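A.B. asks: First, the structure itself, so that you have it in front of you.
The values are calculated or read from the model by the stated rules, or taken from the named source; none is laboratory data. Remember, it's a predicted structure, so these values are computed and weren't measured experimentally. Please note: Cβ atoms are built from the backbone with ideal geometry, for glycine as well, and neighbour counts cover all protein chains shown.
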């Protein structure tokens, strides 16, 4: 597949093909031939019949010549040539069929009429095809830009997530803790679940992301012991809903880092999901340290990247908020549009 930059000639050739130029649509030709054949019985002697037949034949000829040479990418040269040939053919046919003699001024007027009609019949479909082609190209370019941006932002999240997990395992090994082997098993399960998905910009589900979160929480529970309890309360009916990878996990990691770990007594992390109409709300609630005026607004790089990913994916139709609920617990709410 060629990756050469598109030129005006190639764009015109593609637009001609997509608009059906070059007798690719035989129905209008057959309908025109039938109409003029029937009309000839009654209107043969009328000047308007000769003019209409000449215009139609001229356009049909221009259309066919354009389609023939457009396949050879010679569009810039062929378009004016096809227009002139079609206009000339239409003018000759009309002059041959008109019974009354025309003045020189009338013949010149007919020349401009044939040229103008041919230009309009070729130009309008071409302009429409070019606009559609370039609109599709802009959408594809924007999609490629968005995919690259999401991969860049996600690449910043992945090391942050994985290095913290491996640092915990290293700490247990150094201490000779009995929790090292269970943690190694949990890490293996986490990596097996995660690695096939974290490099995707899409094609994950809420159920799959909950599975990643449960592995992560199991690891942190081994590390923190009785200081951490957790619950993932997500209805099984919601598991098949689409969700980009690593949207939910940063919220859970943030709750532990800024809520549970700084608290001497620890706390609970609760993950919830609910769908209301065309909106999906994901909540991560922690009962550890509450938000204060000294708490960083973004709660670190993970949530900053998450907000950027949300904006890149959904613009103003998605959001992330941090607040203290009525029970004094910190609540992170992720709101996403659903198809």
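A.B. asks: Taking the stated definitions as given, is residue 273 modelled with pLDDT of 90 or more, part of a strand (DSSP E or B) and closer than 21 Å to residue 219 by Cβ?
C.D. replies: no
A.B. asks: Which residues, taken from the stretch 235-276, are surrounded by fewer than 20 Cβ atoms within 10 Å (Cβ to Cβ), under 16 Å from residue 336 (Cα atoms) and either touching a strand residue (DSSP E or B) at 6+ places or on another chain (Cβ under 7 Å) or free of Cβ contacts under 8 Å to residues at least 60 places away in the same chain (or both)?
C.D. replies: Within the stretch 235-276, 238, 239, 240, 241, 242, 272, 274, 276 meet the criteria.
A.B. asks: Same structure again: Could you check how many residues of the stretch 148-207 are outside any helix (DSSP H, G or I) and either at pLDDT below 75 or over 33 Å from the mean Cα position of the chain (by Cα) (or both)?
C.D. replies: 13
A.B. asks: Inspect all residues belonging to the stretch 70-82 and state whether any of them is touching a helix residue (DSSP H, G or I) at 6+ places or on another chain (Cβ under 6 Å), modelled with pLDDT of 75 or more, within 26 Å of residue 129 (Cβ to Cβ) and assigned by TED's automatic domain parsing to the domain that holds residue 123.
C.D. replies: Among the residues of the stretch 70-82, at least one is touching a helix residue (DSSP H, G or I) at 6+ places or on another chain (Cβ under 6 Å), modelled with pLDDT of 75 or more, within 26 Å of residue 129 (Cβ to Cβ) and assigned by TED's automatic domain parsing to the domain that holds residue 123, which makes the answer yes.
A.B. asks: Still on this model: Please go through the stretch 128-147 and pick out each residue that is farther than 30 Å from residue 311 by Cα and either at pLDDT 80 or above or surrounded by fewer than 11 Cβ atoms within 10 Å (Cβ to Cβ) (or both).
C.D. replies: none
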